[in-house]
Amino acid sequence: MNWIARSLVAFSLLCFAQGVWAQKGYDIKVKLKDYKNDTCILGYRLGDKTYVKDTAIGRNDQGYFEFKKDTLLEKGVYLILTKPTNSYFEFLVPSDEEQKLTIETNDEGGNWVKNLKIKGSEDNTAFVDYLHFLSKQAEKNRDMQTRLQALQKELDEMQGQGPKKAKLQAEKEELEQKMKTLNGEVTAYQEKMIKERPNYLSTKLILASRQPEVPESIAGDRTQAYYYFKKHYWDDFDFGDMRLIRTPVFQQKLDFYCDKLTVQDPDSVNASVDFILGNIIKAGDKDMYQFAAAHLLNRYANSKVICMDNVYYHIGSKYYCGAEKPEWVDQEQLEKICENVEDLRYSLCGEKAQDIKLTNIKTGLPVSLYGLKKRFVAVYFWDPSCGNCSKNSKKLVPVYEKWKDKGFEIYGICSKNIDDVDACKKKIKELGMNWINTSDKAYPLALTKKLYNVKVNPFVYLLDQEKNILYKRLDPEQIDQILTRAAEEDAKEKG
């Protein structure tokens with residue numbers, strides 16, 4: 001994606017708000033020429049969510065929709081939303097002093113920006129000028145792209161060489177150079193804004209949206225290019241400007257860094273989380289820290305990726321439940337977070353699993369998990385009345401039969417009390433669950449579930465020979481794939 005496209009994408013996403021309450025309040029007048037509806041909405045986004053801040057019904061005597069209250073808007077990027085099509089345009093609330101604005105525009109086929117004018121804010125003037133500039137550059141770029149595609153098609157269809165082909169090739173090269181020049185003009189415009197107006201919100205948005213340019217000397221080496229890009233990804237981002245959390249840009253940038261620029265294992269993600277939150281703590285902005293810490297905690301609390309609850313545990317224990325408690329979280333919610341963190345303590349991937357010694361349903365004798373001397377052991381929690389458990393067990397049986405003589409065992413734990421295991425025995429016989437199946441009295445079972453943080457059935461842990469937790473929440477197909485991969489690696493080593 002070239003500079004023009006990247007810039008347009010970035011600014012089509014800007015819309016958001018929240019911040020500091022103060023004295024005089026906001027007064028935003030909006031005139032929409034030829035707009036027939038009697039309702040106009042003032043909105044904002046928090047991350048990837050959109051919210052309504054205010055609604056104006058009807059116009060004043062001068063034909064303006066007016067949004068006015070005696071409280072200040074929280075600084076960020078706002079939008080004016082029109083009905084019934086929900087088309088919108090954006091503007092800035094860059095400071096407490098620039099909250100009395102007059103906005104005028106008209107709709108040209110869904111484009112409200114083309115004729116947009118904003119009075120009462122130099123930052124908004126710079127913002128609108130930049131949007132107009134990008135729009136003109138994009139129009140030139142589209143025309144050149146269309147001509148370039150036509151030229152390329154004509155060149156591809158021509159046979160041999162000749163004056164006509166040479167002429168077309170020269171025109172193509174000239175167009176490509178003009179397109180590079182367009183990109184250069186966008187970059188130059190941005191650099192001028194950065195130099196002349198470094199503290200404008202419009203400038204901060206440009207900087208936050210920029211991505212590092214990999215030097216040509218290493219561009220051909222994917223590994224070096226990746227490390228360079230990741231190292232410089234946050235170079236232009238101001239971790240101390242709380243206005244930036246009130247646009248989608250920060251959340252998108254943060255998620256991209258954690259998802260695409262970070263190896264997806266818990267230790268690597270934890271390091272990326274610490275890098276981001278550490279920079280925010282250094283910058284000293286409490287609002288940005290609150291937004292980032294809360295977003296990351298919730299993100300990894302809901303992650304479906306195997307073992308990524310390690311990241312939730314890391315964030316919770318270090319940034320929520322440590323010596324310094326977050327002041328923005330109420331006591332009840334904080335206690336719940338810390339309770340969840342404590343529940344995870346003994347069940348994290350990479351940690352040694354807790355030993356358990358439950359009663360073998362078949363023999364009536366105690367069987368220790370640590371006593372199983374197998375290369376891989378699956379700890380399988382199940383319930384005889386659970387439909388998903390039955391489906392899972394049916395799929396697990398052939399996997400067990402395939403690998404049971406090749407260093408694999410299953411330590412099954414039926415949820416029924418040992419004094420009432422007839423349902424367990426019936427299901428074991430019905431499905432051919434010929435691995436080790438255990439149960440016990442209520443307390444040992446409850447303690448085992450707590451140690452392994454099991455709140456739903458079925459639930460599977462896969463342990464190595466030393467009983468370290470390799471994976472959890474696996475399905476039978478994933479277990480088979482892991483065991484197959486291990487066997488292939490063994491075969492290569494024996495070679």
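The values are calculated or read from the model by the stated rules, or taken from the named source; none is laboratory data. Predicted model, so just to flag it, every value in this text is computed and none were measured. Here the Cβ positions follow ideal geometry from the backbone for every residue, glycine too, while neighbour counts run over all protein chains shown. Only protein heavy atoms, including side chains, enter the accessible area calculation; ligands, DNA and RNA are left aside. Shrake-Rupley method; radii C 1.70, N 1.55, O 1.52, S 1.80 Å.
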Taking just the alpha-carbon atoms of the range 43-174, what radius of gyration and Dmax come out, in angstrom?
22.5, 75
Karplus ³J(HN,Hα) for the range 122-139 (6.51 cos²θ - 1.76 cosθ + 1.60, θ = phi - 60°; Hz, whole; x = Gly/Pro) runs 5, 4, 5, 4, 5, 4, 5, 4, 5, 4, 5, 4, 4, 5, 5, 5, 5, 5
Whole angstrom only: what separates the Cα centroid of the range 123-200 from the Cα centroid of the range 288-357?
48 Å
Which listed pairs, of Lys426/Lys449; Lys49/Lys282; Lys394/Lys429; Lys69/Lys286, have C-alpha distances above 19 Å, in listed order:
Lys426/Lys449; Lys49/Lys282; Lys69/Lys286
Which lysines, on any chain, are close to Lys450 with Cα under 20 Å apart, when same-chain ones fewer than 8 places away are left out?
Lys336, Lys352, Lys357, Lys416, Lys441, Lys467, Lys472
Give the aspartates and glutamates reachable from Lys455 as a straight Cα distance under 17 Å; neighbours fewer than 8 places away on the same chain don't count.
Asp309, Glu339, Glu342, Asp343, Asp383, Asp475
Loop-resident trypsin sites (Lys or Arg not before Pro) in the range 408-449 with no more than 15 other Cβ atoms inside 10 Å, DSSP not H/G/I/E/B, are Lys441
What is the set of long-range amide H partners of Leu73 at a cut-off below 5 Å, with H atoms built 1.01 Å from backbone N?
Tyr26
Local electrostatic count at Lys68 - Lys and Arg +1, Asp and Glu -1, tallied over other residues with Cβ under 10 Å
-1
Sorting Arg243, Arg473 by accessible area (1.4 Å probe), largest first, what list results?
Arg473, Arg243
Only bridges with both residues in the chain count here: give the DSSP antiparallel percent, nearest 5.
70 percent
More than 16 Å apart: what percent of Cα pairs in the range 199-276 qualify?
55 percent
Mind grabbing the accessible area of Val113 for me, 1.4 Å probe, Å², rounded to tens?
40 Å²
Cut-off under 17 Å on the C-alpha distance; same-chain residues fewer than 8 positions from Lys172 excluded. Which lysines are left, in chain and number order?
Lys140, Lys153, Lys164, Lys180
For Lys100, other-chain or 5+-apart residues with amide H closer than 5 Å (H placed, Pro excluded) are Asp27
Estimated vicinal HN-Hα couplings, Hz - the range 315-332 in sequence order (Karplus 6.51, -1.76, 1.60; Gly, Pro = x):
5, x, 6, 8, 10, 10, 10, x, 5, 9, 8, x, 6, 7, 9, 6, 4, 5
Accessible area in the full protein assembly, largest first, 1.4 Å probe, for Trp328, Trp234:
Trp328, Trp234
Leaving ligands and nucleic acids out of the surface, order Arg45, Arg246 by accessible area at 1.4 Å, largest first.
Arg45, Arg246
5 Å is the cut-off here: which amide hydrogens, built 1.01 Å from N in the peptide plane, fall below it relative to Tyr471, excluding neighbours closer than 5 in sequence?
Leu462
Kindly report, to the nearest 10 Å², the accessible surface of Ser268 as traced by a 1.4 Å probe over protein heavy atoms only.
40 Å²
Quick one: what does P(r) look like for the range 393-495 with 5 Å bins over all Cα pairs, in whole %?
2, 10, 19, 23, 19, 14, 6, 3, 2, 1, 0
Hey, of (1) -0.33, -0.55; (2) -0.60, -0.85; (3) -0.40, -0.66, which did the structure itself give for log10 I(q)/I(0) by the Debye sum over Cα atoms at q = 0.07, 0.09 Å⁻¹ when calculated?
(2)
Cleavage-rule hits (trypsin sites (Lys or Arg not before Pro)) in the range 280-384: DSSP loop, at most 13 neighbouring Cβ within 10 angstrom
Lys304, Arg345, Lys362, Lys373
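State the percent of C-alpha pairs, over all pairs in the range 289-447, separated by a distance greater than 19 angstrom. Before the final figure, lay out the partial values.
On the way: 7980 of 12561 pairs.
Above the 19 Å cut-off, the range 289-447 has 64 percent of its Cα pairs.
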Vicinal HN-Hα couplings computed from phi for the range 479-495 (Karplus, 6.51 cos²θ - 1.76 cosθ + 1.60; Hz; Gly/Pro x)
4, 4, 5, 5, 5, 5, 4, 5, 5, 5, 5, 4, 5, 5, 5, 6, x
